[in-house]
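**Q** Below is a structure I'd like to ask you about.
The values are calculated or read from the model by the stated rules, or taken from the named source; none is laboratory data. Small disclaimer: the values here were computed from a predicted structure and weren't measured. Here the Cβ is made from the backbone with ideal geometry for all residues, glycine too, and neighbour counts use every protein chain on show. Note: areas computed on protein heavy atoms with side chains; ligands, DNA, RNA excluded. Shrake-Rupley method; radii C 1.70, N 1.55, O 1.52, S 1.80 Å.
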Amino acid sequence: MGLLLDVEDTAVTRQTAEALAQVGTLAAVRLIALAVARADDSHVEWMRTGVHDALAGPDGVPDVAAVCGQLAQDPEEAVCLAARELSTWTDDTRC
């Protein structure tokens, strides 16, 4: 969480979000969602960029949108809301 919300270097925020999105597990995407729920607008934008870069990359990544769908049912309301936002980030990476 500290890397996603790093106040000293937003490049760390972007790179961490990209790496977690590439992993694509429920736990990894949940960390991004938790950070989105706590982040300011600037950090959210850097996380969005990192997620987009992971999804648009040539290496192929797990279906983050499907994981977001699972997280939309999370018992923690902040995670649910952030997962819905994350899901919209995946829309513009599909061909």
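**Q** Quick check on the range 23-39: of everything there that is of a type outside the set (A, V, I, L, M) and under 10 Å from the mean Cα position of the chain (by Cα), which residue is surrounded by the most Cβ atoms within 10 Å (Cβ to Cβ)?
**A** Arg30
**Q** Looking only at the range 46-56, count how many residues are surrounded by fewer than 18 Cβ atoms within 10 Å (Cβ to Cβ) and within 15 Å of Arg84 (Cα to Cα). Spell out the reasoning first.
**A** Our first condition is that a residue be surrounded by fewer than 18 Cβ atoms within 10 Å (Cβ to Cβ); within the range 46-56, this holds for 49, 53, 56.
In the following step, the residues that additionally are within 15 Å of Arg84 (Cα to Cα) were identified as none.
Number of matching residues: 0.
**Q** Failed condition for Cys95, given (1) open to solvent by 40 Å² or more (accessible area, probe 1.4 Å); (2) at pLDDT below 90; (3) under 17 Å from Gln22 (Cα atoms), with all others met?
**A** The number of the failed condition is (3).
**Q** How about the range 13-22: which of its residues are surrounded by 20 or more Cβ atoms within 10 Å (Cβ to Cβ) and within 20 Å of Gly69 (Cβ to Cβ)?
**A** Residues satisfying the conditions are Ala17, Leu20, Ala21.
**Q** Under 6 Å by Cβ, and 6 or more places apart or on different chains, what pairs join a residue from the range 62-88 that is within 9 Å of Ala37 (Cβ to Cβ) with one that is open to solvent by 40 Å² or more (accessible area, probe 1.4 Å) and in a helix (DSSP H, G or I)?
**A** Ala78/Ala37; Ala82/Ala37
**Q** On to the next question. Run Thr10 past the list (1) at pLDDT 95 or above; (2) surrounded by fewer than 18 Cβ atoms within 10 Å (Cβ to Cβ); (3) β-branched (Val, Ile, Thr) and report the number of the one that doesn't hold.
**A** (1)
**Q** Hey, any hits in the range 57-64 for a residue that's modelled with pLDDT under 95, surrounded by fewer than 18 Cβ atoms within 10 Å (Cβ to Cβ) and either in contact with a His (Cβ under 6 Å, 6 or more places away or on another chain) or part of a helix (DSSP H, G or I) (or both)?
**A** Step one: filter the range 57-64 for residues modelled with pLDDT under 95, giving 57-64.
Next, only the ones that are surrounded by fewer than 18 Cβ atoms within 10 Å (Cβ to Cβ) stay: 57-63.
Going one step further and asking which of them are either in contact with a His (Cβ under 6 Å, 6 or more places away or on another chain) or part of a helix (DSSP H, G or I) (or both), we end up with none.
The answer is no, given that none of the residues of the range 57-64 is modelled with pLDDT under 95, surrounded by fewer than 18 Cβ atoms within 10 Å (Cβ to Cβ) and either in contact with a His (Cβ under 6 Å, 6 or more places away or on another chain) or part of a helix (DSSP H, G or I) (or both).
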